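FYI, it's all coordinate maths here, none of it is from the lab. Worth saying up front: this structure is predicted, and the values here are computed from it rather than measured. All Cβ positions, glycine included, derive from the backbone under ideal geometry; neighbour counts span all protein chains shown.
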Amino acid sequence: MRIWDLHCHLSGVAGLTPEDRLSELLRYADRVGIERLCIYMGMKWAQDPTPDDLVKQNDEVLRALDKHSDRAFGFVYLSAKHIERSLSELERCVANGPMLGVKLWVAQHCNVPEIDPIIARAAELKAVIFQHTWFKTNGNYVGESTPDDLVALAKRFPKVPIICGHTGGTWELGLRAIRDQKNLFADLAGSDPTWGITEMAVRELGADRIIYGSDSGGRSFASQLAKVHGAQISEADKQKIFCDNLRGLMLPILEAKGIKA
């Protein structure tokens, strides 16, 4: 099967430079048959980055991509707390650079109206939009979004596909939270490789709205691949989850940039 990994980081990986760390990730990806990696955020990150830190993080990803453009796709790291700089980074890294997507993390809840210019411009550029979400049993970080927050955002942009990062961590709740919002996709990355997550996702959303990701280097490729390889679903649905759904979301911007994949 073709496998594209939606969710990879340069943190938690051996290497002194961004290039070294992506090389290390690819070394392990080759062992388990992963063709492409999507990477975002640099080698060390804060939960509430300054505008200058956003630039630094994106610069590190750009360095890694420059060496491995044939194997990796980059997503620009943005924050709704810093709209002007985020829109500038979106232009630099996506409109005028090699990146293909947007990564939003925990600095600001994604349901705030301040985020709308980021989503609107990303949609114009055909960039893939990824928002971290979590339902934490012991309470979320101050600005950390839940799947419910993401549903509120997605309702304002019903024609824009958005990926629900981690499917809310507590995936039984996350899957049901996003089920009726048809422009939301579920990212399988990051949670423990518990039996049944992929089967439930297929039941609740349909296989066309589920995307494999690992959250490497925070998680191993093998444990996250097992969620799909071991699922009691059809081989055709596994192929959708492993590559076809993500590739379908990325095709508009790949074609716009003249990238064959």
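Counting neighbouring beta carbons within 10 Å and listing from fewest to most, the residues 23, 79, 191, 223 come out as 223, 23, 191, 79.
Just in region 128-171: which trypsin sites (Lys or Arg not before Pro) are loop by DSSP and have at most 13 other Cβ atoms within 10 Å? Mind dumping the intermediate values first?
On the way: sites: 136, 155, 156, 159; in loops: 136, 159.
Answer in residue order: 136, 159.
In region 21-154, Cα pairs under 8 Å separated by at least six residues give a relative contact order of 20 percent. For region 80-148, the spread of Cα positions along the three principal axes, ordered from largest to smallest, is 41, 19, 15 Å. Counting neighbouring beta carbons within 10 Å and listing from fewest to most, the residues 194, 137, 17, 170 come out as 137, 194, 17, 170.
When the inverse distances between all different Cα atoms of the chain are averaged and flipped, the Kirkwood radius reads 17.9 angstrom. Ranking of 41, 200 by neighbouring Cβ atoms within 10 Å, starting from the fewest: 200, 41. Based on Cα contacts under 8 Å between residues 6+ apart, the chain shows a relative contact order of 18 percent. The coefficient of translational diffusion for region 202-255, derived via Stokes-Einstein from the alpha carbon Kirkwood radius under 25 °C and 0.890 mPa s, stands at 206 µm²/s.
Normalising by the residue count of region 123-201, find the relative contact order in percent from Cα pairs under 8 Å and 6+ residues apart. List each step's numbers first, then the result.
Working: 120 pairs, mean separation 24.3, N = 79.
31 percent.
Exposure here means at most 15 other Cβ atoms within 10 Å; with chymotrypsin sites (Phe, Trp or Tyr not before Pro) in a DSSP loop as sites, the longest stretch of the chain lacking them is 1-140.
List every DSSP H helix in the chain whose Cα atoms extend 15 Å or more along the helix's own long axis and whose mean Kyte-Doolittle hydropathy is at least -0.5.
On the way: long enough: 18-31 (20 Å, -1.29); 51-67 (25 Å, -0.99); 245-257 (19 Å, 0.46).
Once both thresholds are applied, what remains is 245-257.
Taking amide H positions as modeled 1.01 Å from N, with prolines and chain starts lacking one, the residues under 5 Å from residue 210 and 5 or more places away or on another chain are 186.
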